[in-house]
Amino acid sequence: MKTYFSGFRCFRCGTEAGADFSGYVCPACGGNLEVRYAWPNGRGRWWVDEERRDVFRYRALLPVSRLELASPLRVGMTPIYEAPRLGAAAGLKHLLVKDDGQNPSASFKDRAGAVALVRARETGAKVLCGASTGNAGSSMACLAASVGMPCVIFVPEKAPAAKIAQLLIFGANVLAVKGTYDDAFDLCMEVCAQRGWFNRNTGHNPFTREGKKTAAFEIYDQLGKIPDWVVVPTGDGNILAGIWKGFRDLKAAGIAPKMPKMLCAQSEASAAISVAAWKLQRAGNLKPDWKSVEIAPVAATTVADSISVDIPRDGLAAVRAVIESGGAAVAVPDAEILAAIPELARGAGVFAEPAASCAWAGLKKAAREGRVKPDETVVCMITGNGLKDVASARKVAGDPVPVEANVAAALAATEGLGG
Ligand SMILES: Cc1ncc(COP(=O)(O)O)c(C=O)c1O
Ligand SMILES: [Zn+2]
């Protein structure tokens, strides 16, 4: 299969660059770039390599040509489950849950990493580098280890222990920054530039969005239809923008007839993208001049560490995803994010880390407010596995029943449990 990758276009000012452009951001304004293609166009399954069961199943829609450079690990093709009991709790009749915690490093970020890794190797990079709230880094560490490539990760020192452990166990060079994710991001940008390393930073590197869009392809491939809504927990906005890009690609290439509405789910304590989207929607400004749209930074404090972001690094693309898809943004309190963890686990059998459970908490709010209707088909993205942050899960899991090590005590303690 060949690649139809044809170049780049700036999200902010529209400047274009050819496929041989080797920079990361717009040469005119510094805005984030979008990867473009020259599709052959048309229905049918030309975009699917039926032999593959990973993200490269959709290689025809990806900007990679040398698949022999890909990680041997299986990234993507994660399961999508119908979740009627969970859905009923929010009055929804057609809820599906896509469990991206089942990727090699247990988060959605492996999709970005898989495509970025091929790009890095195609361009002859010797060292991979990135800043991360934890998951993008542990994903890069995992994928780099799978092909024996050195990598350097900048993380905030307060990232959950399991994520730091993942980074170290895969052999990454880990710099624990005494500061926030935003501090780590800025440091990483400077060090990468000075050392000439491959910079995987979210938003800044246009290929991360391309990897993330594969979730849209899978949703269409797995369901055989486009859902009404896709719910995405959001920090930097790259996952939201990436999945939206995937659906736009399907439409632009003549593969799918329509697009879903994108629901951006954030914590009230880290809601920069939602606030910017609300401002435009309230003003009825649905076709703004994107050059003039500013996203005000916040001071993020949420317990959902993966979506704790002061300055969203793919904010403009994410706001466009909400507005142009006719979607919505919701922000929920941290208490609802934590409460959503056992609800998802008990209602659908899927264990989510706090950032991921924010999708379910946000969807419930959107359903309560009548924005998502009972008959609509909704896909809720679960972006990271709950074992990544056991300390948060323990806050809402309850306690085991202590019991003496004898049968009488065990029988007494199980009285009333049925059978
Ligand atoms: C589990 C999880 N969910 C959601 C997100 C949000 O993605 P983005 O920062 O691209 O909005 C992240 C990002 O780190 C994540 O790790
Ligand atoms: Zn530009």
- Tabulated pairs, segment 225-236, first within 16 Å of L250 (Cβ to Cβ) and within 11 Å of ligand 1 (Cβ to nearest atom), second β-branched (V, I, T) and in a loop (DSSP other than H, G, I, E, B), C-beta under 7 angstrom, 6+ apart or interchain: none
- Message: List the helices (runs of 4 or more DSSP H) inside segment 312-392, counting only whole elements, that have at least 2 residues being within 17 Å of the chain's Cα centre (by Cα) and more than 12 Å from ligand 1 (Cβ to nearest atom).
- Response: 315-324, 354-368
- Query: Would a scan of segment 43-53 turn up a residue that is at pLDDT 95 or above, more than 28 Å from V230 (Cα to Cα) and in a loop (DSSP other than H, G, I, E, B)?
  - Reply: no
- Query: Got a sec? Which of Y81, Y58 is outside any loop (DSSP other than H, G, I, E, B), surrounded by 22 or more Cβ atoms within 10 Å (Cβ to Cβ) and in contact (Cβ under 8 Å) with a residue 60 or more places away in the chain?
  - Reply: Y58
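Being among the polar types (S, T, N, Q) and surrounded by fewer than 24 Cβ atoms within 10 Å (Cβ to Cβ) is the filter here, so list the residues in segment 130-146 that pass it. Break it down into steps so the answer makes sense when it comes.
Within segment 130-146, the first condition is being among the polar types (S, T, N, Q), and the residues that meet it are 132-133, 135, 138-139, 146.
Answer for segment 130-146, where residues must be among the polar types (S, T, N, Q) and surrounded by fewer than 24 Cβ atoms within 10 Å (Cβ to Cβ): just S146.
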- Note on the structure: Picked from segment 10-25 (must be near ligand 2 (Cβ under 10 Å from one of its atoms) and either of a type in the set (K, R) or in a loop (DSSP other than H, G, I, E, B) (or both)), the residue surrounded by the most Cβ atoms within 10 Å (Cβ to Cβ) is F11
- Sole residue being within 14 Å of ligand 1 (Cβ to nearest atom), in contact with a Ser or Thr (Cβ under 9 Å, 6 or more places away or on another chain), closer than 27 Å to H94 by Cα and modelled with pLDDT of 95 or more, chosen from A277, A215: A215
- E34 vs (1) in contact (Cβ under 8 Å) with a residue 12 or more places away in the chain; (2) more than 16 Å from ligand 1 (Cβ to nearest atom); (3) over 20 Å from E218 (Cα atoms): all pass except (2)
- Item | Count of residues meeting criterion [buried (at least 19 other Cβ atoms within 10 Å of the Cβ), closer than 17 Å to A367 by Cβ and hydrophobic (A, V, I, L, M, F, W, C)] in segment 323-342 | 7
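Which one of R394, R368 is surrounded by 12 or more Cβ atoms within 10 Å (Cβ to Cβ) and not polar (S, T, N, Q)?
Numbers: R394 fails: surrounded by 12 or more Cβ atoms within 10 Å (Cβ to Cβ).
Just one listed residue meets the conditions, R368.
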- Task: Residue by residue through segment 252-282, note down the ones that are closer than 16 Å to G362 by Cβ and part of a loop (DSSP other than H, G, I, E, B).
- Result: P260, E268, A269, S270, A271
- Task: Scan (1) more than 26 Å from G134 (Cβ to Cβ); (2) within 16 Å of ligand 1 (Cβ to nearest atom); (3) of a type in the set (D, E) for the single condition E68 breaks and write down its number.
- Result: (2)
- Message: Criterion first (touching a residue at least 60 places away in the same chain (Cβ under 8 Å) and either among the hydrophobic types (A, V, I, L, M, F, W, C) or under 19 Å from N238 (Cα atoms) (or both)) does D182 satisfy it?
- Response: yes
- Item | In segment 255-291, the residues that are more than 19 Å from the chain's Cα centre (by Cα) and under 19 Å from E210 (Cβ atoms) | I255, A256
- Here is a list of conditions, (1) assigned to a loop (DSSP other than H, G, I, E, B); (2) modelled with pLDDT under 95, and V403 meets all of them except one; can you say which number that is? (2)
- Item | When residues of segment 37-64 are limited to those that are farther than 14 Å from R111 by Cβ and touching a strand residue (DSSP E or B) at 6+ places or on another chain (Cβ under 8 Å), the one farthest from ligand 1 (Cβ to nearest atom) | A38
- Task: Could you tell me whether segment 79-94 includes any residue that is at positive phi and more than 22 Å from the chain's Cα centre (by Cα)?
- Result: yes
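Looking only at residues that are part of a strand (DSSP E or B) and of a type outside the set (V, I, T) in segment 203-249, which one is surrounded by the most Cβ atoms within 10 Å (Cβ to Cβ)? Step through it out loud before you land on a result.
Residues of segment 203-249 part of a strand (DSSP E or B): 229-233.
Imposing the further condition that a residue be of a type outside the set (V, I, T) reduces the set to 229, 233.
Details: W229: 26, P233: 32.
Filtering segment 203-249 for residues that are part of a strand (DSSP E or B) and of a type outside the set (V, I, T), the one surrounded by the most Cβ atoms within 10 Å (Cβ to Cβ) comes out as P233.
Here is a check on your reading of the model: is A299 touching a Cys at 6+ places or on another chain (Cβ under 8 Å) and modelled with pLDDT of 95 or more?
Working: touching a Cys at 6+ places or on another chain (Cβ under 8 Å): no; modelled with pLDDT of 95 or more: yes.
Judged against the criteria, A299 is not a match.
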- Task: Read through the list (1) touching a residue at least 60 places away in the same chain (Cβ under 8 Å); (2) touching a helix residue (DSSP H, G or I) at 6+ places or on another chain (Cβ under 9 Å), then give the number of the only condition that P257 fails.
- Result: (1)
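Considering every residue within segment 92-110, establish whether at least one is assigned to a loop (DSSP other than H, G, I, E, B) and more than 16 Å from ligand 1 (Cβ to nearest atom). Steps first, answer last, please.
Taking segment 92-110 as the starting set, the residues that turn out to be assigned to a loop (DSSP other than H, G, I, E, B) are 92-93, 103-106, 108.
This time we only want the ones that are more than 16 Å from ligand 1 (Cβ to nearest atom), so: 92-93.
Yes: one or more hits.
The values are calculated or read from the model by the stated rules, or taken from the named source; none is laboratory data. The shown structure was predicted, so the numbers you read here are calculated from the model rather than taken from an experiment. Positions of Cβ are backbone-derived with ideal geometry, glycine not excepted, and every protein chain shown enters the neighbour counts.
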